[in-house]
1. Listed residues Gly52, Gly20, Gly31; which is of a type outside the set (Phe, Trp, Tyr), surrounded by 15 or more Cβ atoms within 10 Å (Cβ to Cβ) and at pLDDT 85 or above?
2. For Ser147, only one of the following conditions fails: (1) of a type in the set (S, T, N, Q); (2) modelled with pLDDT of 85 or more; (3) more than 18 Å from the chain's Cα centre (by Cα). What is its number?
3. Taking only pairs six or more apart or across chains, which ones have beta-carbon atoms under 9 Å, a first residue in segment 85-112 that is at pLDDT 85 or above, and a second residue that is surrounded by fewer than 18 Cβ atoms within 10 Å (Cβ to Cβ) and of a type in the set (Asp, Glu)?
4. What's the total number of residues in segment 164-174 that are at pLDDT below 70 and out of contact with any Leu (no Cβ under 9 Å at 6 or more places or on another chain)?
5. Can you tell me which residues in segment 179-194 are in contact with a helix residue (DSSP H, G or I) (Cβ under 9 Å, 6 or more places away or on another chain) and open to solvent by 80 Å² or more (accessible area, probe 1.4 Å)?
6. State all residues of segment 69-125 that are part of a loop (DSSP other than H, G, I, E, B), open to solvent by less than 50 Å² (accessible area, probe 1.4 Å) and closer than 25 Å to Ile44 by Cα; if no residue qualifies, say none.
7. Can you tell me which residues in segment 195-212 are open to solvent by 40 Å² or more (accessible area, probe 1.4 Å), within 18 Å of Thr179 (Cβ to Cβ) and in a helix (DSSP H, G or I)?
Amino acid sequence: MAQFINKHMIQLLMAVIALGLLLGYLLPDTGKRLQVFYPVALFIMLYPMMVGIKIGEVVGAARRVGFMTVVMVFNYLISPLLAALLARMFLSGYPDFAVGLILTGVVPCAGMIVAWTAMAKGNAPMTLVITVTSLLAGIVLIPLWMSALAGKYVPVDAWKMLQTIFYTIVVPLVLGNLTRVWLVKKWGQKKFADYKPVFPAVSALGMYLVFFISMMSESVTLVRN
C-alpha cells in the first residue's frame, strides 16, 4: 500500500482534488463543516515526516546563516516588491486581484512545504527552519508590507499565528523525534530504516485530506469562478 501511494502520489492527488470539487459542489454545507478537521489533517500530514527528522539536524541547518539570509531577503524583500510591481503593471484596474497578488507575494511558504520537500527527497530540516523563521518574521512584516504595498492595513493575529506554528510545526517535530527514538530503541536502526518508506505514504494521506477539505469547502466558489 505504501509503495502504491508513493509511486502514484500525483495521480492520487489529482483524483482527490477532482472528488473534493465534485462533492463540495453537490454538498456545499458539508464542505464548510469539514473545515474543523483541517488542523487534524495537517497534523497527520506533518507528523510522519517529522519521525525521520532529528532535532539535531534542524539545529545544524539553522547555522547556515548565509543561506538563511538569502532566503529571508527573497521572502520579504524581492517577492513582495515583485508582486507589487506585477499588480501595478497588470491589475491596476482590478484592485481585489491586485491585493490578492500582493498578499501571495508577501506571505511566505507555510507548513505544507515541509512535507512537499520531504516527499521530493529535499532538505527537510533546512525547509523546517526556513518555514518557522519566515512565519515568525511574518508576524511583523506581513502587516507592514500589506499596509505599504496594498494601501491598507491587513490585521494579523500574532498570537494565533504563533499557536498555529506551535501546533503544526513544533508539536509534530517534538512528537516525531520522540517517536523515532522510541522506534529505534524498540526495533533497532536497521528495522526502522526498513519501515521508513511507510512514513511518507502516511504523510501523503494527510496531504490528501488537506486538499480534499480545501476543495470541498471552496468548491462552489472555484467552480463558479
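1. Details: Gly52 fails: at pLDDT 85 or above; Gly31 fails: at pLDDT 85 or above.
None of the others qualify; the one that does is Gly20.
2. Only one criterion is unmet by Ser147, namely (2).
3. none
4. Within segment 164-174, residues that are at pLDDT below 70 and out of contact with any Leu (no Cβ under 9 Å at 6 or more places or on another chain) number 0.
5. Looking only at segment 179-194, we keep the residues that are in contact with a helix residue (DSSP H, G or I) (Cβ under 9 Å, 6 or more places away or on another chain), and these are 179-180, 183-184, 186-187, 191-192, 194.
Selection gives Lys186, Trp187, Lys191, Asp194.
6. So in segment 69-125, the residues part of a loop (DSSP other than H, G, I, E, B) come out as 91-94, 107-111, 120-123.
Imposing the further condition that a residue be open to solvent by less than 50 Å² (accessible area, probe 1.4 Å) reduces the set to 91, 108-109, 111, 122.
Result: Pro108, Cys109, Gly111, Gly122.
7. Our first condition is that a residue be open to solvent by 40 Å² or more (accessible area, probe 1.4 Å); within segment 195-212, this holds for 195-198, 202, 205, 209, 211-212.
Now drop any that are not within 18 Å of Thr179 (Cβ to Cβ), which leaves 195-198, 202, 205.
Residues satisfying the conditions are Tyr195, Val198, Val202, Leu205.
Yes/no per residue for (1) at pLDDT 80 or above; (2) of a type in the set (Phe, Trp, Tyr):
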residue: Ala120; (1), (2): no, no
residue: Leu135; (1), (2): no, no
residue: Trp159; (1), (2): no, yes
residue: Leu162; (1), (2): no, no
residue: Thr179; (1), (2): yes, no
residue: Lys186; (1), (2): yes, no
residue: Pro200; (1), (2): no, no
residue: Ala204; (1), (2): yes, no
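The values are calculated or read from the model by the stated rules, or taken from the named source; none is laboratory data. Remember, predicted model here, so these are calculated numbers, not experimental data. Glycine also receives a Cβ, built like all others from the backbone with ideal geometry; neighbour counts cover every protein chain displayed. Heads up: the accessible areas ignore ligands, DNA and RNA and are worked out on the full protein's heavy atoms, side chains in. Shrake-Rupley method; radii C 1.70, N 1.55, O 1.52, S 1.80 Å.
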